[in-house]
Every structure is written in structure tokens, then in C-alpha cells.
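Below is one structure, written out as C-alpha cells; the observations come after it.
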Amino acid sequence: GSTLHAAASDQGRYFGTALAQGKLNDSQYTTIADREFGMITAENEMKMDATEPQRGVFNYSAGDRILDWAVGHGKQVRGHALAWHSQQPGWMQQMEGQQLRQAMLNHVTQVATHYRGKIYAWDVVNEAFEDGSSGARRNSNLQRTGNDWIEAAFRAARAADPNAKLCYNDYNIDNWSHAKTRAVHAMVADFKSRGVPIDCVGLQAHFNSGNPVPNNYHETLQHFADLGVDVQITELDIEGSGSSQAQQYSGVTQACLAVARCTGITVWGVRDTDSWRASGTPLLFDGNGQKKAAYTSVLNVL
Ligand code: XIL
């Protein structure tokens with residue numbers, strides 16, 4: 001293939017990007033997105049604060065715009081994210097306990113129902129584990145509703161959209177020797193053993209000099225896949241430039257290709273200037289929409 005998604009498709013995988021609704025009228029942005037990518041994630045528009053700004057009042061207009069653009073251009077869509085400690089609407093940030101549990105489950109049900117049949121995979125729960133060596137769950141208002149909040153969210157999502165793959169998504173779960181990675185792996189193993197509906201693990205894959213692509217990345221992906229779930233690289237970006245960045249990008253791509261159940265890679269934005277990272281150049285296209293060395297290195301290994 002001569003584009004990222006065409007080349008990935010030849011390998012039975014997808015190559016995707018995050019899109020922001022506010023840039024859909026930028027023709028350089030949409031031209032690249034249409035040409036290179038086959039899987040679209042809404043960068044912010046399907047999150048809890050966007051979709052339920054007031055309790056029980058749902059707003060799908062921005063999310064629908066992303067979805068309609070994607071479907072209209074023949075793309076698939078990853079849903080992101082149904083339940084998360086961050087980017088909660090203000091009313092939810094104030095909630096705790098049983099009231100919050102019910103509100104969270106209602107949110108999962110309503111949003112997954114709205115998009116039923118249109119989503120390839122949902123990030124049902126995002127970032128629920130602590131960083132560092134504890135391997136513990138992150139302390140959040142959702143976690144304080146009870147340790148079973150994650151499985152409750154997955155069951156609600158399955159009931160609402162039985163055909164979407166249901167993913168647990170997190171960052172810093174790339175290095176197999178880290179406690180956070182092992183803790184997420186143990187949760188997924190537990191879910192599989194008890195029949196909690198989970199189909200995939202999303203590795204966000206935000207890399208930088210302090211958090212480089214680990215040498216054991218392929219091993220990590222394989223260990224998750226060995227649990228009987230798909231793995232997806234869901235938010236890839238790598239700080240840096242030139243050949244060092246290019247090598248890391250091709251390494252991530254090769255690690256995914258080496259794992260049969262690694263179904264695809266999504267980069268977290270189109271051009272460097274679209275990145276959520278305030279500074280730096282972590283993506284595959286420069287601010288003028290030109291292909292970087294990192295782009296070529298990915299395409300060459302696909
Ligand atoms: C980021 C978006 O890119 C920003 O526009 C927003 O201000 C904050 O969230 N992990 C995730 C993504 O799961 O949703 C985050 O996206 C980046 C980190």
C-alpha cells in the first residue's frame with residue numbers, strides 16, 4: 001500500500017488517527033486524514049463532559065460530526081471514552097457513592113446505545129490504575145464507588161452495544177516489567193476467568209525521552225494477547241525528531257505486526273501542530289502537512 005491505512009490493511013490491521021471536530025473545515029487536515037487513515041477516534045467529542053454536560057442531558061452533536069465525517073469517508077470509528085476520572089462534567093465531579101455509580105452506568109448505557117452498531121471498539125474505562133510501583137487502582141470518585149465499578153461499566157456497555165469490541169485503555173502499560181502493566185494484565189486475566197465482557201486492551205503509547213518505547217514492547221503486547229483479547233495501540237505519539245523518532249515509530253509498528261492479535265495503531269493527531277502536547281513534534285506530519293521521516297519509517301515496515 002502507498003498510504004498508512006492501505007499498507008496496514010494489507011497486513012490485516014488498521015491505521016488510525018484522532019480527529020478534532022473543530023478542524024473538520026481545515027482542508028489540509030481532512031485531506032491527510034482521508035488519504036492516510038482508516039480508523040477515527042474523536043479526540044474529545046465522545047468524552048463524558050462533551051456527551052452529558054448536564055446530568056441526564058445528552059449532547060451528541062460534536063461526536064456525531066466526527067462519526068458522520070468518518071462514515072462518510074469510509075472509515076471505522078473507535079469510541080473514546082465511556083468512563084474516566086478525567087474530563088468528567090462538573091456535576092459528576094461532585095458526586096460520590098451509589099449516586100455516582102448509577103450516573104456512571106446510565107452514562108455508559110446512554111452513550112453506547114446512541115452509537116450502537118457504529119463503533120468498532122469502545123474504550124469503556126480509561127486510566128483506572130495508579131502510576132508507580134503500587135499496582136493499585138487510581139483513587140478517584142469512580143474507584144471509591146467500589147472496586148467492581150470497572151466490570152459494571154463493561155457489562156453495561158456490552159448490554160447497550162453487543163457488537164462493539166470493549167477495551168480497557170491506559171498509558172504507561174507499555175513496559176512489561178512495570179507494576180502498572182502487570183496490574184492491568186492481572187485485571188484482564190481476572191475478567192476473562194470470570195466472564196466479564198472484555199475484548200481488548202488499548203495501550204495509549206504516549207512516549208517521550210523520560211518514557212521511551214521499551215525494548216520489551218512486543219513482549220508486553222503478546223502477554224496481553226495471550227489472555228485472549230485483542231490489543232490496540234490507541235493514542236500513539238513519540239516526542240523527538242529525525243531518525244531517532246523515526247526508529248521508535250517503526251519499532252512500535254513492528255511490535256504490533258509481530259503480534260497476531262494487535263489489530264491496529266492509532267496516532268493521537270494528524271500534524272505536529274495538532275498534537276495535545278503543548279510543545280514538541282510527536283506526530284507523523286509536520287505543521288505544513290508534510291510527511292516526516294517517522295512517516296516514511298512506519299510505511300516502510302508496514
Ligand atoms: C487529550 C486531548 O488530546 C486534549 O485535547 C484534551 O485537552 C485532553 O485530553 N489520554 C487520553 C486522551 O485518553 O483522551 C487524552 O486526550 C490524552 C491522554
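Where a number appears in this text, it was derived from the coordinates with a stated rule and is not lab data. Computed from a prediction, not measured in an experiment: that's the story for all the values here. Cβ placement follows ideal geometry from the backbone for every residue including glycine, while neighbour counts extend to all protein chains displayed.
Counting neighbouring beta carbons within 10 Å and listing from fewest to most, the residues L19, L299 come out as L299, L19. Take every pair of alpha-carbon atoms less than 8 Å apart whose residues are at least six positions apart; their mean separation over the length of the chain yields a relative contact order of 17 percent.
3J(HN,Hα) along the range 268-282, derived from phi through the Karplus expression 6.51 cos²θ - 1.76 cosθ + 1.60 where θ = phi - 60°, amounts to 8, x, 8, 9, 3, 6, 8, 5, 5, 6, 4, 10, x, 9, x Hz, with x in place of Gly and Pro.
Counting only alpha carbon atoms, the long axis of helix 149-160 and the longest principal axis of the chain meet at about 80°. Dipole of the chain computed with +1 at Lys/Arg Cβ and -1 at Asp/Glu Cβ about the Cα centre; of H114, L283, A128, farthest Cα towards the positive end is H114. Checking every one of the GluC sites (Glu not before Pro) in the range 18-105 against DSSP loop status and a limit of 14 other Cβ atoms within 10 Å picks out E96. The calculated 222 nm mean residue ellipticity attributable to helices in the chain amounts to -11500 deg cm²/dmol, summing -39500 (n - 2.57) over DSSP H runs of n ≥ 4 and dividing by all residues. Considering only C-alpha atoms, what is the centroid distance from the range 238-302 to the range 91-134, in Å? What the calculation gives is 29 Å, centre to centre. Cross-link partners of K23 among lysines, defined as those whose alpha carbon lies under 29 angstrom from its own and excluding same-chain residues fewer than eight positions apart: K47, K75, K118, K165, K291, K292. Summary of the geometry: the range 46-61 and the range 140-181, compared by the centres of their Cα atoms, lie 20 Å apart. Each label was represented as a point 7 Å from its Cα along the Cα-to-Cβ direction; for S279 and S86 these points are 2.0 nm apart.
Multiply the residue gap between S61 and R138 by 0.36 nm, knock off their C-alpha separation, and tell me the result in nm, one decimal place.
24.6 nm
Computed about the Cα centre, the dipole magnitude for the range 148-302 is approximately 140 debye when only Lys and Arg (+1) and Asp and Glu (-1) carry charge, each at its Cβ. Computed from the C-beta positions of A186 and A258, the FRET efficiency with R₀ = 25 Å rounds to 0.60. Ranking of C256, C200 by neighbouring Cβ atoms within 10 Å, starting from the fewest: C200, C256. Would you kindly calculate the translational diffusion coefficient of the chain, applying Stokes-Einstein with the Kirkwood radius from alpha carbon pairs, for 20 °C and a viscosity of 1.002 mPa s, and quote it in µm² s⁻¹ without decimals? D = 111 µm²/s.
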